[in-house]
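**Student:** Dumping the structure here so I can ask a few things about it.
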Amino acid sequence: MEYAKDFLLKVHKELLETRLMEKKLTEIYAQGIVPGHIHSGMGQEGSYVGVLSTRKKGDYFKFGHRPLAANYIVGEPMDAFFGELLGKLTGNALGHGGTNHLGRLQDGVVGFSGSLGCDAGVAVGAALTIDAEQRDNISYFFYGDGTASRGPVHEAMCLASCWKLPVLFVCENNQFAISTPSSYSSAVPNPGADRAAGYGMPTAVVDGTDVLAVYEATQKLVDYVRAGNGPALIECKEYRWRGHFEGDQCAYRDADVTHKYMTEKDSVALFEAKLLEQGVVTEEYLAKLREDFDKAMDEAIAHAVEAPAMQPADIYDCLYA
Ligand SMILES: Cc1ncc(C[n+]2csc(CCOP(=O)(O)OP(=O)(O)O)c2C)c(N)n1
Ligand SMILES: [Mg+2]
């Protein structure tokens with residue numbers, strides 16, 4: 001497929017920013033300034049950015065616990081993002097939720113439940129709104145290979161397909177649910193795609209480390225969903241580079257396999273090599289982009305460190321609308 005230069009630059013910028021932000025999160029966690037866990041999304045940037053490159057204004061997003069940078073990519077300002085992570089009043093949820101409650105409704109982010117899979121129904125509910133308002137938007141539901149086996153996910157798929165609601169189910173198959181390999185919890189090789197036939201949904205299975213392959217496969221499904229045909233499902237195959245959470249020693253998996261993915265299936269390095277070869281970017285351009293983004297993040301983190309923390313008396317604020 002032929003791409004306009006502006007499109008390639010935008011995809012690359014979002015891919016690089018996702019990587020740099022996910023890396024930064026591990027660094028500030030190690031400094032001890034983040035209350036709660038960080039579940040790094042390093043290794044999964046290509047699938048998120050490839051899928052999100054099909055988004056348009058008015059769409060809804062149900063993200064998970066990784067990569068958190070997805071919230072920034074769809075519009076959350078950095079100060080609100082880092083403020084929330086550090087439990088500060090400048091955060092998008094006034095520091096009440098931290099790592100699991102990033103995202104803002106004005107960006108289309110419909111929130112997150114720590115009880116994985118239960119919020120599949122929220123994504124379907126958002127699609128019902130779109131349907132009632134007769135818009136050509138869609139609701140993206142991102143979920144993991146482990147979450148793919150949860151009951152509420154299947155109930156959500158069933159309802160979305162019976163009512164022909166505009167949902168794109170995005171199964172992020174990073175091969176593990178904490179320490180459980182996907183092959184242990186699923187009798188079929190594709191825990192998302194292989195089960196979607198039961199709901200009459202079209203599917204694609206794609207290499208999640210190839211950002212343009214993800215984009216192309218997703219765009220076909222998104223066209224189908226936006227046209228009012230009902231839901232579809234894409235499953236992205238990838239590998240979680242770091243532990244389930246920061247501090248996980250990963251004793252349950254082979255470090256050589258991890259190393260292989262990190263060196264041979266690095267979505268950012270692979271895409272940058274292509275863009276350099278095609279003359280779309282230069283080494284100087286890439287270096288400046290990295291430097292500027294890193295500086296912007298450091299400034300936002302410094303603001304968050306200085307910002308007032310949430311106090312015990314604030315705990316009942318924002319519970320009811
Ligand atoms: C209902 C429920 N059960 C268990 C957990 C604990 N838990 C948190 S993350 C996780 C693994 C999820 O695996 P997967 O869906 O593959 O997502 P990944 O972490 O790989 O991105 C589990 C079991 C939870 N949060 N919610
Ligand atoms: Mg997983």
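**Student:** Only residues that are aromatic (Phe, Trp, Tyr) and closer than 12 Å to ALA127 by Cα: list them for the stretch 143-170, please.
**Tutor:** Taking the stretch 143-170 as the starting set, the residues that turn out to be aromatic (Phe, Trp, Tyr) are 143, 163, 169.
Passing the criteria: TRP163, PHE169.
**Student:** Six or more apart or on different chains, Cβ atoms under 8 Å: show the pairs whose first residue is in the stretch 116-144 and under 17 Å from LEU105 (Cα atoms) and surrounded by fewer than 23 Cβ atoms within 10 Å (Cβ to Cβ) and whose second is of a type outside the set (A, V, I, L, M) and modelled with pLDDT under 95.
**Tutor:** Close Cβ pairs (under 8 Å, with a partner that is of a type outside the set (A, V, I, L, M) and modelled with pLDDT under 95) amount to VAL122/GLY111; VAL122/SER113.
**Student:** Follow-up question, since we're still on this one. Name the residue, out of ILE73, ILE33, ILE28, that is out of contact with any Gly (no Cβ under 9 Å at 6 or more places or on another chain), away from ligand 1 (no atom under 15 Å from the Cβ) and without any contact (Cβ under 8 Å) to a residue 60 or more places away in the chain. Reasoning before the result, please.
**Tutor:** Values: ILE33 fails: without any contact (Cβ under 8 Å) to a residue 60 or more places away in the chain; ILE28 fails: without any contact (Cβ under 8 Å) to a residue 60 or more places away in the chain.
From the options ILE73, ILE33, ILE28, the qualifying one is ILE73.
Let's see how each residue does on (1) of a type in the set (Ser, Thr, Tyr); (2) over 20 Å from the mean Cα position of the chain (by Cα); (3) surrounded by 14 or more Cβ atoms within 10 Å (Cβ to Cβ); (4) away from ligand 2 (no atom under 16 Å from the Cβ):
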{"site": "ALA160", "(1), (2), (3), (4)": "no, yes, yes, yes"}
{"site": "VAL170", "(1), (2), (3), (4)": "no, no, yes, no"}
{"site": "ALA217", "(1), (2), (3), (4)": "no, no, yes, yes"}
{"site": "ALA227", "(1), (2), (3), (4)": "no, yes, no, yes"}
{"site": "GLY243", "(1), (2), (3), (4)": "no, no, yes, no"}
{"site": "GLY247", "(1), (2), (3), (4)": "no, yes, no, yes"}
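**Student:** Any residue in the stretch 88-103 that is part of a helix (DSSP H, G or I), within 20 Å of GLU299 (Cβ to Cβ) and touching a His at 6+ places or on another chain (Cβ under 9 Å)?
**Tutor:** Here is the first cut: in the stretch 88-103, the ones part of a helix (DSSP H, G or I) are 98-101.
Filter once more, keeping what is within 20 Å of GLU299 (Cβ to Cβ): none.
No: the stretch 88-103 contains no residue that is part of a helix (DSSP H, G or I), within 20 Å of GLU299 (Cβ to Cβ) and touching a His at 6+ places or on another chain (Cβ under 9 Å).
**Student:** Moving on. Mind checking whether some residue in the stretch 229-243 is touching a Ser or Thr at 6+ places or on another chain (Cβ under 7 Å), among the polar types (S, T, N, Q), within 29 Å of GLY144 (Cβ to Cβ) and at pLDDT 95 or above?
**Tutor:** For the stretch 229-243, residues touching a Ser or Thr at 6+ places or on another chain (Cβ under 7 Å), among the polar types (S, T, N, Q), within 29 Å of GLY144 (Cβ to Cβ) and at pLDDT 95 or above: absent.
**Student:** Against the conditions (1) surrounded by fewer than 14 Cβ atoms within 10 Å (Cβ to Cβ); (2) more than 23 Å from the chain's Cα centre (by Cα), where does VAL281 fall short? Just the number, please.
**Tutor:** (1)
**Student:** Name the residues in the stretch 173-215 that are more than 16 Å from ligand 2 (Cβ to nearest atom), in a loop (DSSP other than H, G, I, E, B), among the aliphatic types (A, V, I, L, M) and surrounded by fewer than 21 Cβ atoms within 10 Å (Cβ to Cβ), would you?
**Tutor:** ALA187
**Student:** Which is farther than 22 Å from PHE63 by Cβ and within 14 Å of ligand 1 (Cβ to nearest atom), of PRO181, PRO202, PRO189? Before you say what the answer is, go through the steps one by one.
**Tutor:** Values: PRO202 fails: within 14 Å of ligand 1 (Cβ to nearest atom); PRO189 fails: within 14 Å of ligand 1 (Cβ to nearest atom).
Going through PRO181, PRO202, PRO189 in turn, the sole match is PRO181.
**Student:** Would you pick out the residues in the stretch 249-269 that are loosely packed, with under 15 Cβ neighbours inside 10 Å and part of a helix (DSSP H, G or I)?
**Tutor:** Within the stretch 249-269, ALA255, ASP256, VAL257, HIS259, LYS260, THR263, GLU264, ALA269 qualify.
The values are calculated or read from the model by the stated rules, or taken from the named source; none is laboratory data. Nothing here was measured: the structure is a model prediction, and the numbers come from that model. Note: ideal-geometry Cβ built from the backbone for every residue, glycine included; neighbour counts use all protein chains shown.
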